[in-house]
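Trainee: Supplied in C-alpha cells, the structure appears directly below.
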Amino acid sequence: MFEKALQGRPKYWLWILFLLGITGAGFLVYLQQLKIGLGITGMSRDVSWGFYISQFTFLVGVAASAVMLVIPYYLHDYKKFSKIVILGEFLAVSAVLMCILFIFVDMGQPMRIFNVLLHPTPNSILFWDSVVLTGYLILNIVIGWTTLEADRKEVPPPQWVKPLIYLSVPWAVSIHTVTAFIYAGLPGRPFWMTAIMAARFLASAFASGPAFLIILALLIRKLTKFDPGKEAIQAIAKIVAYAMYANFFFFLLEVFTALYSNIPGHMASFQYLFAGLDGHGKLVPLMWLSVILAIFALAMLVFPSVRANETTLAITCVAVFISLWIDKGFGLVIGGFVPNPFERVTEYWPTLPETVISVAVWAFGFLVLTMLYKVAVSVREAQGPGESLH
Amino acid sequence: MSMDRREFLKLAGLTCIGIGVGGAQLLVRSRIASSEYAPAAEGLQANRWAMVIDLRKFRTEEDYDKLIKACHYIHNVPSFPDKYHEVKWLWKEDFEHSFPEQKNRYLPEGIEKKPVLLLCNHCSNAPCVRVCPTKATFKLSNGITAQDYHRCIGCRFCMAACPYGARSFNWVDPRPYIKEVNPEFPTRTPGVVEKCNFCVERLSEGLRPACVEASEGKILFGDLRDEGSEVRRYLAENFSMRRKPELGTEPAVFYIIGGGEEHV
C-alpha cells in the first residue's frame, strides 16, 4: 500500500521536495547545535525550556485530538466519520513523531537518550510521557494502516484491531494528561501548578486538532478526488465549537483564581504575559493576538450559519489554530519561567537557528503527514462514494 | 455495538482505577527509594548534613566573594560573560529576592538589599530528584542531593522543578571559560546540568566544604540529626529561616538574618 505515496503528479513531488529541503536545512543547523550546544538557542538559566518544548506540548494536543473522531465513529457508530477517521489517526502519527523529535532536539546529550530506558524511573513524569507517546504512536500506525488496508481490499478489518481501537481512546487522553502533569506538579512554578491544567490541555487539544483537521479535509477535497464529506466536516466543526468554549472557560477560571486571590506569585506570570512585568513585555502583543483570535473564533463558531459556510468555517479554524498555538505553543511554557524563582525577569525569544530547527521539525511532520494522507486518499479515491466496511 | 460500548466503559473504568492505585504506590515508593545510595565510608560522616549561614557575620563584599571564589575554583565552575549561559554553584542575591515571599518594607535599614549567599538546599524532598527521568540526580543517605554528569541527558526537567533556581545547564562548552582548572575535580561537557554538591568529594577526604572552611566561622556545617552538633546548638540559640519552607521540600540550608547590626 505504501507504493501509493511514491506515485504522484509533479505538484505532489514538488511539495515533497520543498518539505525535504526545509528538513535538510534544519538538519544542518541541528548539526551545528550538536557541535556548539543548546547555547545557540534563546534559552537561558532562567528560561530553561523554550520553543522546542512548547511545540512538543502543543503537538501532543494535536495528536490526542484524533480521539474526537474515534469516539463518535467506533463508540457511537457515527457512520459519517467512516472515511475521515483515518485522517485523524494519520494526523496523530505525524504529530507524535514531531513531539518525539522536538524532545530530541531539546536534549543536551541526545546520544544518551536511551538512559531513559536503561534506568527507568517511574517517579519521573517524563518517563511516563515517553511510554505513553511511544505507545500512542504504535497504536495509531497499527490501527490506521490495518483499517485502511482492509478498506482497500474491501473486507472488514480483522477482529484483533477492535480492542486496540478501544484502547486508543483512554490512551489519547493519557498522552495529554501526562504531558500536563510535567508542568502541573512542580512546587515552585505557580503559573503551572493548577489542577485544571490537564483538563485545559485536553479542551485546547480538542479544539486545535479538529480545527486543523477541517482545514486539511477542505484542502483534500480541493486537491484530490476524495471528498471527506460535508456532514463529517460540519460534525467536526461542532466539536471545535464546544471544545473552544470549554478551553476559554477553563482559561478564565485560571485568571479568576490568580487575580481574585491576589497572591503575587500567582498573578506575576499573567502580568508578564498580558501586561508586561518590570518593564519587560516581549510576549504581550503575541498573547493579546491569541486572545483576540480566540474571541473572534468564539463569536464565529456560535452561529450555525457561519459554520455551515465552508469559507467562513475555514477562516474560523485558522483563527482557532493560531490562537491556541500562541497560547500553548509559546505562552504557557515561557510564562511559567517568568518571573524566575527570585521574582526577577529574564526574557526569552527564539533565535534564528532555533527557529530553523523548529520549522524543520514541522516540515518533517508535514512530510510524513503528506505521504500518509497520499496513501489514504489514493485508497479512498479507488473506493468511490459509500461507507467503509468497518 | 452497544454491548461493546458498555464493556468498554467497564474496562476503561477498571483501567483508570488500576492506573490510579499503581501510580499512587509508585509515588509513595519513590520517596523511600531516593536514599538507596550510600556515601563513601571514609571521611566525615553524618545522618543528615546541614548548613547554617550566619549572615550577621558577613560584613563586606569580600566576605561573600572569597567563598564563591573558593567554591568555583575547586569545582571548575566556568564564568561566562553572557548572563544567559551563567553557571553558578554559590552566589549572592539580595534579601528581598532571596526571600521574595517575605515582603516587608519596614525591615531594619539595609536588610532588603543585604546580599544572601545562595546554593543548592539539598532538600529532603527534592523536587529535582523526583522529576529526573534517568536518576542522574539522586539522594545520598546523608541527605546530599548528588548529580551524575555522565548519566544526565540534559532534559532540564530538574531546572524547571527546582524552586530555588539552584541548577545550571552547560549551554555551551564550559572549559574555555574556566580561568584556572583544578585537576582534582572533573570539568563538565556541554549539555549537562550541574549544581552545588555540598563538597561531597571533600567530605569523603575528611574535609569540610570549601565555603565553610573559607568562611572562618560564618558558616557552620554539621549533622542535623545529632542533637549535640554545632549546627543544632546554633539553631536552638538563634532564630533561623529557610527558603520557601511552605513547599515542603525541607531545605538543609538555614539562614540567620539578624537585625539592626551594620550591613554591607
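Read the figures in this text as sums done on the coordinates, not as results from a lab. What you are looking at is a predicted structure, and each value in this text was computed from that prediction instead of being measured. As a convention, Cβ positions derive from the backbone with ideal geometry for all residues, glycine included, and neighbour counts pool all protein chains shown.
Trainee: Residue by residue through the range A:144-149, which ³J(HN,Hα) values in whole Hz follow from phi under the Karplus form 6.51 cos²θ - 1.76 cosθ + 1.60 (θ = phi - 60°), with glycine and proline marked x?
Mentor: Ordered by residue, 3J(HN,Hα) equals x, 5, 5, 5, 5, 4 Hz.
Trainee: Pairs B:K179/B:K218; A:K83/B:K10; B:K113/B:K244; A:K328/B:K10: which exceed 24 Å Cα-Cα?
Mentor: Details: B:K179/B:K218 27 Å; A:K83/B:K10 28 Å; B:K113/B:K244 19 Å; A:K328/B:K10 33 Å.
Over 24 Å Cα-Cα: B:K179/B:K218; A:K83/B:K10; A:K328/B:K10.
Trainee: Using +1 at the Cβ of each Lys and Arg and -1 at the Cβ of each Asp and Glu in the protein assembly as shown, identify which of B:V200, B:C155, A:A243 lies farthest towards the dipole's positive end.
Mentor: The one lying farthest along the dipole's positive direction is A:A243.
Trainee: Continuing with this model, one more query. Which value in nm describes the separation of the simple spin-label points at A:Q159 and A:L17, placed 7 Å from the Cα toward the beta carbon?
Mentor: 5.1 nm
Trainee: State, as an integer percentage, the relative contact order of chain A based on alpha-carbon contacts under 8 Å between residues 6 or more apart. Each step should come with its number before you reach the end.
Mentor: Working: 538 pairs, mean separation 121.1, N = 390.
Across chain A, relative contact order equals 31 percent.
Trainee: DSSP beta bridges in the protein assembly as shown, what fraction antiparallel, as a percent rounded to 5? Don't skip to the end; give the middle numbers.
Mentor: On the way: 16 of 21 bridges.
For the protein assembly as shown, the DSSP antiparallel bridge percentage is about 75.
Trainee: Now a separate question. What is the dipole size for the range A:32-184, taken about its Cα centre, with +1 at each Lys and Arg Cβ and -1 at each Asp and Glu Cβ, in debye to the nearest 20? Display every interim value, and only then the final one.
Mentor: Values: 9 positive and 8 negative charges, 24 e Å.
Here the size comes out at about 120 debye.
Trainee: Roughly how many whole Å is it from the C-alpha centroid of the range A:233-310 to that of the range A:146-170?
Mentor: That distance is 37 Å.
Trainee: Nothing charged except the Cβ atoms of Lys and Arg (+1) and of Asp and Glu (-1): what's the magnitude of the dipole of the protein assembly as shown about its Cα centre? Round to the nearest 20 debye. Don't skip to the end; give the middle numbers.
Mentor: Details: 62 positive and 55 negative charges, 347 e Å.
In debye, rounded to 20, the protein assembly as shown gives about 1660.
Trainee: Find how many whole Å separate the alpha carbon centroid of the range A:317-357 from the alpha carbon centroid of the range A:1-51.
Mentor: Value for the Cα centre distance between the two parts: 20 Å.
Trainee: For peptide A:106-119, compute the average count of partner chain beta-carbon atoms within 10 Å of each residue's beta-carbon.
Mentor: 6
Trainee: List the lysines whose alpha-carbon lies under 22 Å from that of A:K80, not counting same-chain residues fewer than 8 positions away?
Mentor: A:K153, A:K162, A:K222, A:K225, A:K230, A:K238, A:K374
Trainee: I would also like to ask the following. Spelling out what I want: for every residue of the range B:47-57, take phi, set θ = phi - 60°, compute 6.51 cos²θ - 1.76 cosθ + 1.60 (Karplus), and round to whole Hz; glycine and proline get x.
Mentor: Once rounded to whole Hz, the list reads 7, 8, 5, 8, 10, 10, 9, 8, 5, 4, 8.
Trainee: Quick one: which residues, 5 or more positions from B:V116 or on another chain, have an amide H under 5 Å from its amide H? H modelled 1.01 Å from N in the peptide plane, none for Pro or chain starts.
Mentor: Here the answer is B:E93, B:D94, B:F95, since their amide H atoms fall under 5 Å of that of B:V116.
Trainee: On to the next question. Which residue, A:V131, A:V85, A:V62, has the most motion in a Gaussian network model of chain A that connects Cα atoms within less than 10 Å?
Mentor: A:V131
Trainee: Using a Gaussian network model of chain A with C-alpha springs under 10 Å, which one of A:K225, A:K80, A:K35 is most mobile by mean-square fluctuation?
Mentor: It is A:K35.
Trainee: Can I ask one more? Rounding to the nearest 20 debye, state how big the charge dipole of the range B:39-256 is about its Cα centre with +1 on each Lys and Arg Cβ and -1 on each Asp and Glu Cβ. Walk me through the intermediate numbers first.
Mentor: Numbers: 32 positive and 30 negative charges, 109 e Å.
My answer is approximately 520 debye.
Trainee: Which one of A:R45, A:R344, A:R152 has the biggest mean-square fluctuation once chain A is modelled by GNM with Cα springs under 10 Å?
Mentor: A:R45
Trainee: Sticking with this one: Tell me what chain B gives for mean residue ellipticity at 222 nm when only DSSP H runs of n ≥ 4 count, each as -39,500 (n - 2.57), the sum divided by the residue total, rounded to 500 deg cm²/dmol. Before the final figure, lay out the partial values.
Mentor: On the way: 8 runs with 78 residues, N = 264.
Using -39500 (n - 2.57) per qualifying helix, the result is -8500 deg cm²/dmol.
Trainee: Ok, one more. Taking H as built 1.01 Å from N, whose amide H comes closer than 5 Å to the amide H of B:F254, not counting residues under 5 places away?
Mentor: Here the answer is B:M51, B:V52, B:I53, since their amide H atoms fall under 5 Å of that of B:F254.
Trainee: So, one more: Which whole-number percentage describes the relative contact order of the range B:39-256, with Cα contacts under 8 Å and a sequence gap of 6 or more? Numbers along the way, then the final one.
Mentor: Details: 394 pairs, mean separation 74.0, N = 218.
It rounds to 34 percent for the range B:39-256.
Trainee: B:T137's amide H: which non-local residues (gap 5+, or another chain) put their own amide H closer than 5 Å, with H modeled 1.01 Å from N in plane and none for Pro or chain starts?
Mentor: B:D148
Trainee: In addition: Of all DSSP beta bridges located in the range B:39-256, what percent are antiparallel, nearest 5?
Mentor: Working: 15 of 19 bridges.
Within the range B:39-256, antiparallel bridges account for around 80 percent of the total.
Trainee: In the range B:45-154, if the dipole is taken from +1 on Lys/Arg beta carbons and -1 on Asp/Glu beta carbons about the Cα centre, which of B:L119, B:H75, B:T137 is farthest to the positive end?
Mentor: Of the listed residues, the answer is B:T137.
Trainee: Which is the longest part of chain A that has none of the GluC sites (Glu not before Pro) sitting in a DSSP loop with at most 15 other Cβ atoms within 10 Å? Don't skip to the answer; put the middle values down first.
Mentor: Numbers: sites that count: A:E154, A:E387.
Formally, the longest exposed-site-free interval is A:155-386.
Trainee: Give the distance, in whole Å, between the Cα centre of the range B:127-192 and the Cα centre of the range B:58-108.
Mentor: That distance is 18 Å.
Trainee: Turning to a different aspect of this structure: Could you work out the mean projected area of the convex hull around the alpha carbons of the protein assembly as shown, in square nanometres to one decimal? The partial results should precede the final answer.
Mentor: On the way: hull surface 122.7 nm².
Seen from a random direction, the Cα hull of the protein assembly as shown projects 30.7 nm² on average.
Trainee: Considering only A:L28, A:A64, A:F2, whose Cα is most displaced toward the positive end of the charge dipole of the range A:1-77, charges sitting on Cβ of Lys, Arg (+1) and Asp, Glu (-1)?
Mentor: Going by the charge dipole, the pick is A:L28.
Trainee: In cubic angstrom, how much convex hull volume per residue do the alpha carbon atoms of the range A:1-100 span? Please report the intermediate quantities before stating the final value.
Mentor: Numbers: hull volume 13.9 nm³, N = 100.
Expressed per residue, the convex hull around the Cα atoms of the range A:1-100 is 139 Å³.
Trainee: Let me ask you something else. For a quick protection proxy, order the peptides B:82-89, B:55-62 by their average other-Cβ count within 10 Å, most packed first.
Mentor: Numbers: B:82-89: 18.2, B:55-62: 15.5.
Ranked by mean Cβ neighbours within 10 Å, highest first: B:82-89, B:55-62.
Trainee: List, in order, the whole-Hz ³J(HN,Hα) value for each residue of the range A:120-137 obtained from phi through the Karplus relation with A = 6.51, B = -1.76, C = 1.60 and θ = phi - 60°; use x for Gly and Pro.
Mentor: Those phi angles translate into x, 10, x, 7, 9, 5, 5, 4, 5, 5, 5, 5, 5, 5, 4, x, 5, 4 Hz.
Trainee: For the range A:142-203, calculate the relative contact order in percent as a whole number, restricting contacts to Cα pairs under 8 Å that are 6 or more residues apart. Write out the running numbers ahead of the final one.
Mentor: Details: 41 pairs, mean separation 14.5, N = 62.
After rounding, I find 23 percent.
Trainee: Can you give the Rg to Rh ratio of the range A:2-383, both from alpha-carbon atoms, with Rh computed by the Kirkwood formula?
Mentor: Values: Rg = 20.8 Å, Rh = 21.6 Å.
Rounded to two decimals, Rg over Rh is 0.96.
Trainee: For the pair B:I19 and A:D227, what calculated FRET efficiency results from E = 1/(1 + (r/R0)^6), where r is the Cβ-Cβ distance and R0 = 45 Å, to the nearest 0.05? Don't jump to the answer; show the numbers that get you there.
Mentor: On the way: r = 40 Å, r/R0 = 0.90.
With a Förster radius of 45 Å, E is 0.65.
Trainee: Can you pull out the trypsin sites (Lys or Arg not before Pro) in the range B:152-194 whose DSSP state is coil and whose Cβ has at most 15 other Cβ atoms within 10 Å? Let's see the in-between values first.
Mentor: Numbers: sites: B:R156, B:R167, B:K179, B:R188; in loops: B:R156, B:R167, B:K179, B:R188.
Loop-located and lightly packed - B:K179.
Trainee: Which whole-number percent of Cα pairs in chain B have a distance greater than 31 Å?
Mentor: Numbers: 10947 of 34716 pairs.
The calculated P(r) of chain B puts 32 percent of pairs beyond 31 Å.
Trainee: Grab the DSSP H runs of chain A that are 4 residues or longer, score each as -39,500 (n - 2.57), total them, divide by all residues and round the 222 nm result to the nearest 500 deg cm²/dmol. Could the numbers behind the result be given before it?
Mentor: Values: 15 runs with 271 residues, N = 390.
Rounded to the nearest 500, it is -23500 deg cm²/dmol.
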